[in-house]
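The values are calculated or read from the model by the stated rules, or taken from the named source; none is laboratory data. Bear in mind the structure is a predicted one, so any value in this text is a computation, not a measurement. Every residue, glycine among them, receives a Cβ derived from its backbone with ideal geometry; neighbour counts consider all protein chains shown.
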Amino acid sequence: MAKIILSMDGTTLKDIPLNKERITIGRKPHNDIQIDNLAISGEHAVIVTILNDSFLEDMGSTNGTFVNGQQVKKHFLQNGDTIELGKYRLKYINDVPQQTSNADFEKTMILRPGAVPKAPVAPAVPAMAPPQPTAAPPQPSMPPRPTAPALPLAAIQILSGSNAGKEMELTKTLTTLGKPGVQVAVIARRPHGYFITHVEGANFPVVCGNAIGTQAHQLKDHDIIELSGIKMEFFIKN
Amino acid sequence: MALNEVLEFVAQTHAGMVRTNNEDSVATDPAYGLAILADGMGGYNAGEVASGMATTLLSSELAKSFALRPPSEKDDSGKLWVHSVLETEAARTNGAIFQAAQSQPQYAGMGTTLVMGVFHDNTVTVAHIGDSRLYRLRGEDFVQVTRDHSLLQEQIDSGMITQEQAKHSQNKNLVTRAVGVDPEVSVEIHDYEVLPGDVYLFCSDGLNDMVEDEEIAMTVGALSANLELCAAQLIQMACDNGGRDNVSVILVKAKAEFPATNKWISRFLAWFN
């Protein structure tokens, strides 16, 4: 369960578990967290907790609510956030994923209907009937980017043809080479190296004189790749 | 032209890097233009029972119904046949899984998400329950077609948190709808026009939780000429990023138009020839 550590001048005053949906903070005695200090408004702020997520909201306080040095009206609390109210510090601790080492944390679970107020749900892309323009604003949902392990940067240098001498850095997860419809290969940047794979075309890419077939082939420094008659060199950059 | 000549289907599923068992299940039936993906949950290893029941029951029942009457015709009440079939079969599948969960203690609490597409008459009819998704690549445009039935999506919809903040939410794994957990289930069904060249990606959250949408879009765009490789690459990316959940993908590419053949006209033409 998430908790708040209340402190002043570096001295911890108390730990407060976020065990209720609403935890109010203020100077008046009816608050869940009472801070008897004139810099704190009677009803200063509230922390709303929904399952594993907590939100901090300023209740229109006179001196404001600050999180990590920034004034906030409403804030989605992250593990380690420090809420500042006058001279007091409230540190938000929510380390559920770290505590749960097994895979159960990621398991999809059903949330029983009625547990949380429902919001009307509409399709992300307008349905066809009744007729509507099909160009819909995309609804990108962006999961957190897992930290990519360090892999030395590599590049391809074209050795023959009209683009000879041109260099291409392999910074993307996938880099396509060749001409669509004729011969295409792709170089995948993976945590443990660079791999070339045949995508389409009658001929397979040739690496160091050997056709690679349909399987992914790991590239080594200074490997020579031939694709549609064009030669190129793969090399690791410093 | 037969559907399986116009549409290319590829389905792949993988347990991922952490789980020992795969609770996802996929099924396709190119002859009837069907793609079905389910992500099972709950119970001790019962998730795969729920998702397996869903894909098996639905693929056979939908094929039977569409052999009887093409999806784009109307039923007796004037409703599109595909809609009444999807509603009926989703309800029956829900009932079957719910019954199994109630009667067998080892299956108690099991359920599954579901996303399925029926391709017919230059259209895809999409039915979904839970947080398994359908994306579409059209030209350069990669969009998420379905909207998750999840707590997070509801919080985004109500303005409580932004898309950006949703990345850091700890409530990612909570779905608000699933098949087999209640006696009844509400299925969301929509029709979308299909254009030649479109690529459709059905996936479980093991993909979109591990790989960013932009990366998925780039991969589908770069490898749409080779769907097998594309599916393998998507799964590999999810695994390279940690593969914390099972990963499943179904890719469907429309190579040409597939208008419904009008029964009356085809009979007339057959008679004429």
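One table, with the values for the structure above:
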item: Selection from segment B:233-244 of residues that are at the interface with chain A (Cβ under 9 Å from one of its Cβ atoms) and among the aliphatic types (A, V, I, L, M); result: B:Met237
item: Subset of segment A:50-100 [at pLDDT below 90, out of contact with any strand residue (DSSP E or B) (no Cβ under 9 Å at 6 or more places or on another chain) and not in a loop (DSSP other than H, G, I, E, B)]; result: A:Ile50, A:Val96, A:Pro97, A:Gln98, A:Gln99
item: Output for segment B:22-49, where each listed residue is more than 16 Å from B:Gly117 (Cβ to Cβ) and touching a residue at least 40 places away in the same chain (Cβ under 8 Å); result: B:Asn22, B:Glu23, B:Asp24, B:Gly40, B:Met41, B:Gly42, B:Gly43, B:Tyr44, B:Ala46, B:Gly47, B:Val49
item: Some residue of segment B:162-183 being more than 7 Å from chain A (Cβ to nearest Cβ) and within 30 Å of B:Asn122 (Cβ to Cβ); result: yes
item: Test result for B:Glu87, surrounded by fewer than 20 Cβ atoms within 10 Å (Cβ to Cβ) and under 18 Å from the mean Cα position of the chain (by Cα); result: yes
item: All positions within segment B:102-155 that are surrounded by fewer than 22 Cβ atoms within 10 Å (Cβ to Cβ) and aliphatic (A, V, I, L, M); result: B:Ala108, B:Leu137, B:Val143
item: Selection from segment A:213-238 of residues that are within 21 Å of B:Ser224 (Cβ to Cβ), away from chain B (no Cβ under 13 Å) and not polar (S, T, N, Q); result: A:Leu227
item: Selection from segment A:208-233 of residues that are in contact with an Asp or Glu (Cβ under 7 Å, 6 or more places away or on another chain), over 18 Å from A:Ser162 (Cα atoms) and hydrophobic (A, V, I, L, M, F, W, C); result: A:Cys208
item: Of all residues making up segment A:18-31, the number that are part of a loop (DSSP other than H, G, I, E, B) and either under 17 Å from A:Ser7 (Cβ atoms) or touching a residue at least 40 places away in the same chain (Cβ under 8 Å) (or both); result: 1
item: Evaluation of B:Leu223 against (1) at the interface with another protein chain (Cβ under 7 Å from one of its Cβ atoms); (2) more than 18 Å from the chain's Cα centre (by Cα); (3) surrounded by fewer than 24 Cβ atoms within 10 Å (Cβ to Cβ) (one fails), failing number; result: (3)
item: Where B:Lys253 falls short, out of the listed (1) surrounded by fewer than 23 Cβ atoms within 10 Å (Cβ to Cβ); (2) modelled with pLDDT of 95 or more; (3) out of contact with any helix residue (DSSP H, G or I) (no Cβ under 8 Å at 6 or more places or on another chain); result: (3)
item: When residues of segment B:130-161 are limited to those that are among the acidic types (Asp, Glu) and touching a residue at least 40 places away in the same chain (Cβ under 8 Å), the one farthest from the other protein chains (Cβ to nearest Cβ); result: B:Glu140
